[in-house]
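Working notes for the structure below.
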Amino acid sequence: MLSSSTLKNVLAKPFMPPVLFFAGVAYDTLTLTRIDRLQDNLLLLIGLLLLGLLIVLIGRLGIEPAPDREQLALLPSVVRWVLRARPYYPMAVQFLLGGLFSAYAIFYSRSASFTGTAIFFVLLVALLVGNEFLRDRLSSLRLLVSLYALVCFAFFTFFLPVMTGRMNAAIFLAGAGLSAVVTLRVVQLIYRNNPDRSKREAVGIALPAYALIGLLVGFYFLNWIPPVPLAMKFGGIYHEVKKVGDHFELSFERQWYQVWKRSDSTFPANGPVYCFTAVFAPVDLNVTIYHHWYFRAKNDKSFTHSDRIPIRINGGREGGYRASTFKQRLAPGDWRVDVETEDGRIVGRVSALVEESGAAPPSLRTVTY
């Protein structure tokens with residue numbers, strides 16, 4: 001069994017921070033299952049509460065004079081323990097921030113696509129990695145409050161749709177507003193009963209956090225924030241899609257050696273083209289998504305709108321709500337289908353190339369989903 005001194009020596013090794021970092025990310029990846037799971041959301045909420053409490057303690061201890069030995073002896077044992085643990089607060093804050101950023105990166109990665117919505121996901125990943133180098137800067141109250149506003153924003157903007165069963169701009173703005181209220185309350189608790197500190201100092205601490213929330217709201221209206229809690233589990237383009245009982249039969253070209261192939265990418269111009277998707281939504285969340293078809297001729301530089309087909313999905317199914325749309329006699333060129341929310345944020349994207357009709361019909365294989 002390891003002694004306490006041996007354990008301290010091991011933890012002091014320079015390779016331990018990256019080891020613990022990747023171990024924490026792997027743990028979150030394995031344990032965080034569904035974004036609507038009550039246990040996962042409670043853990044995130046507890047992390048937010050503990051982080052807020054630590055920031056309040058760091059702020060208050062930073063602006064109040066430290067008690068001398070005689071005053072310390074008269075304080076309750078809990079207060080003495082809180083004061084003695086003060087050197088470990090930055091490490092605890094770093095641990096909580098790392099856990100929250102890791103969880104958010106996992107949840108948002110499931111909704112982010114290789115479009116503008118990836119910007120917010122990249123920001124979370126950057127903060128997740130950068131958190132490992134922030135320990136010396138976590139004594140800055142302005143930075144702490146701004147980071148707290150960010151983790152609150154990332155939580156409430158997907159937690160409210162899960163709880164209310166609605167997903168629209170009003171719910172998103174309510175989540176952003178709730179983040180601002182919680183952040184303001186943390187600042188108020190820091191400066192509570194401190195008449196020697198001016199309101200200007202408190203405003204200076206809160207202003208960057210509010211500016212950050214405002215910037216993220218702007219990201220939303222630019223469609224740069226992934227449409228959590230929606231996530232595309234599967235998507236592809238097929239020659240034919242049939243629903244048989246509780247399953248869908250998907251037909252596409254595949255040679256015997258193409259075991260990795262799951263859908264088609266090239267189609268003849270004279271046949272139908274089907275887009276099949278499975279989109280996960282939390283329980284009780286019933287929303288409308290769209291298959292937005294775009295076309296680009298071979299000599300064009302940009303895609304143009306062709307059709308936008310609504311699909312009403314019901315949440316709760318682990319593998320996602322399955323649906324398909326199709327079009328016939330497509331013009332030769334590049335085609336793509338963006339799976340969008342009502343406000344235009346992209347859940348996923350599939351694409352295909354339509355060519356002039358060949359002489360022989362394709363030989364199709366069928367899989368079940």
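We did not get these values from a lab; they are worked out from the coordinates using the rules stated. Since the model is a prediction, treat every value here as computed from it, not as a measurement. All Cβ positions, glycine included, derive from the backbone under ideal geometry; neighbour counts span all protein chains shown.
At 20 °C and a viscosity of 1.002 mPa s, what translational diffusion coefficient does Stokes-Einstein give for the range 207-366, taking Rh as the Kirkwood radius over Cα pairs? Give it in µm²/s as a whole number.
Working: Rh = 17.3 Å.
The calculation lands on 124 µm²/s.
Based on a Kirkwood Rh over C-alpha pairs, give the Stokes-Einstein translational diffusion coefficient of the range 137-229 at 10 °C and viscosity 1.306 mPa s in µm²/s.
Working: Rh = 14.0 Å.
Translational diffusion coefficient: 114 µm²/s.
So how do 167, 91 line up by other beta-carbon neighbours within 10 Å, fewest first? Walk me through the intermediate numbers first.
Working: 167 28, 91 11.
Going from least to most buried by this count: 91, 167.
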